[in-house]
Amino acid sequence: MSKEGKVILLVCRLWLVIILLAINFDNAHGWGPQGHRTIGYIAEFNLASETKKYILEEFNINNLADVANWADKIKQKRRHESPWHYTNVKAGEWTYEEARDCSNGNCVTEKIKEFIAVLANIENSLKRRKDALKYLVHFVGDVHQPLHLGNRKDRGGGRIRLSYSGRKVNLHYLWDGGLIHWREGSLLEYAKRLNIKLVDSEKIEWLNSDINEWTNESRSLALKYAYPLENMKLSKEYLSRSREILDQRMIQAGVRLAGLLNQLLKSEK
């Protein structure tokens with residue numbers, strides 16, 4: 001092979017590595033980095049002014065969106081934390097049961113409860129409480145992503161391969177963010193557009209729920225809407241409905257995260 005041919009071959013191999021890394025990055029993050037930041041912005045819009053002030057002064061966090069992907073970043077070094085980002089409900093079951101589905105506490109549903117307790121306890125160190133806050137910002141997002149309550153056998157849709165916009169992707173990637181329309185304008189503008197859709201009556205209803213209910217909502221959406229595919233094809237109706245669901249889940253996650261923090265930090269204001 002000529003010198004020129006070897007250079008071309010090397011360049012092609014480098015591009016292949018870059019493409020593979022990009023695909024793995026897409027599939028590795030719950031909601032995708034953009035989805036988590038969007039949820040962080042929506043939560044910020046719904047925080048009480050006293051809560052915002054407390055988070056800034058106590059934890060030096062200016063905006064929840066800034067720490068929304070922290071838990072995914074450290075997961076790359078702490079591989080044992082990977083199961084914390086999802087909950088495996090028994091195959092065929094529509095509702096979560098702790099004793100059956102997460103007896104060791106290492107699932108997103110129970111980790112949210114654990115870090116609520118850590119953040120609420122002012123006897124804990126500042127670092128431990130700050131880390132708990134950052135986990136909560138991320139995990140409240142994860143539990144609202146329907147395929148984080150998917151099936152164990154297909155890794156929440158990660159093993160279901162599909163064609164989308166001329167690319168080979170998996171179902172989990174699409175629900176993690178591949179279907180989210182944030183590209184027109186900034187993420188902040190996108191979050192504002194979603195937040196404007198918020199109706200007071202819905203907000204009250206969403207806040208009057210617990211973590212197990214958030215889990216069951218996602219499980220139901222996964223089984224009713226995410227998994228059912230006709231001949232493994234993505235129809236226009238499927239794509240349209242999925243985007244509507246994802247928009248609503250991000251709004252719900254942001255509102256509930258804000259409500260949780262407003263309640264937890266109330267006594268500290």
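The values are calculated or read from the model by the stated rules, or taken from the named source; none is laboratory data. Note that the coordinates shown come from a computational prediction; the quantities given were computed from them, not determined experimentally. Here Cβ is always computed from backbone atoms with ideal geometry, including for glycine, and neighbour counts include all displayed protein chains. Keep in mind that these areas ignore ligands, DNA and RNA; they rest on the heavy atoms of the full protein, side chains included. Shrake-Rupley method; radii C 1.70, N 1.55, O 1.52, S 1.80 Å.
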Checklist entry - Quick one: ranking Lys168, Lys236 by accessible area, 1.4 Å probe, largest first, what do you get? => result Lys236, Lys168
Checklist entry - Taking amide hydrogens as modeled 1.01 Å from N in the peptide plane, which residues meet the under 5 Å criterion relative to Leu229, leaving out close sequence neighbours? => result none
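Relative contact order for region 128-269: what percent, with Cα pairs under 8 Å and sequence separation of 6 or more? Each step should come with its number before you reach the end.
Numbers: 112 pairs, mean separation 50.6, N = 142.
Here the relative contact order equals 36 percent.
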Item to check | Residue among Ser235, Leu257, Ile245 farthest towards the positive dipole end of region 227-269, charges placed on Cβ | outcome: Leu257
Item to check | Coordinate range along principal axes, alpha carbons of region 115-187, Å, largest first | outcome: 53, 37, 16
Next on the checklist: Report the Rg/Rh value for region 110-269, based on alpha-carbon coordinates and the Kirkwood definition of Rh.
Outcome noted: 1.01
Checklist entry - Once amide H atoms are placed 1.01 Å from N in the peptide plane, what residues at a sequence separation of 5 or more from Tyr86, or on another chain, have their amide H within under 5 Å of its amide H? => result Val108
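Can you tell me which of 195-207, 144-156, 212-224 comes out highest on packing, and rank the rest after it, using the mean Cβ neighbours within 10 Å? Please report the intermediate quantities before stating the final value.
Details: 195-207: 12.7, 144-156: 22.8, 212-224: 19.5.
Result, highest mean Cβ count within 10 Å first: 144-156, 212-224, 195-207.
What size of dipole, in debye to the nearest 20, comes out for the chain about its Cα centre when the only charges are +1 on Lys and Arg C-beta atoms and -1 on Asp and Glu C-beta atoms? Don't skip to the end; give the middle numbers.
Numbers: 42 positive and 33 negative charges, 239 e Å.
So the dipole magnitude of the chain works out to roughly 1140 debye.
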Checklist entry - Size of the chain along its principal axes in angstrom, Cα-based, largest extent first? => result 72, 43, 40
Checklist entry - Are there any helices in the chain, counted as whole DSSP H runs, that stretch 24 Å or more along their axis by Cα and score at least -0.5 on average by Kyte-Doolittle, and if so which? => result 3-28, 126-143, 236-264
Checklist entry - Between Tyr164 and residues 5 or more places away or on another chain, which pairs have amide H atoms under 5 Å apart, with H built 1.01 Å from N, and which residues are they? => result Val169
Checklist entry - For the peptides 157-167, 34-44, what is the packing order when you average, over each peptide's residues, the other Cβ atoms within 10 Å and list the highest mean first? => result 34-44, 157-167
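Please compute the volume of the convex hull spanned by the alpha-carbon atoms of region 99-157 and report it per residue in Å³. Please report the intermediate quantities before stating the final value.
Working: hull volume 5.1 nm³, N = 59.
Taking the convex hull of the Cα positions in region 99-157, it is 87 Å³ per residue.
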Next on the checklist: Give me the one-decimal nm value for the distance between modelled label points at Leu239 and Asn60, 7 Å along each residue's Cα-to-Cβ direction.
Outcome noted: 4.5
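Tell me, what is the per residue accessible area of the chain in Å², probe radius 1.4 Å?
Working: 14150 Å² over 269 residues.
Each residue of the chain exposes 53 Å² on average to a 1.4 Å probe.
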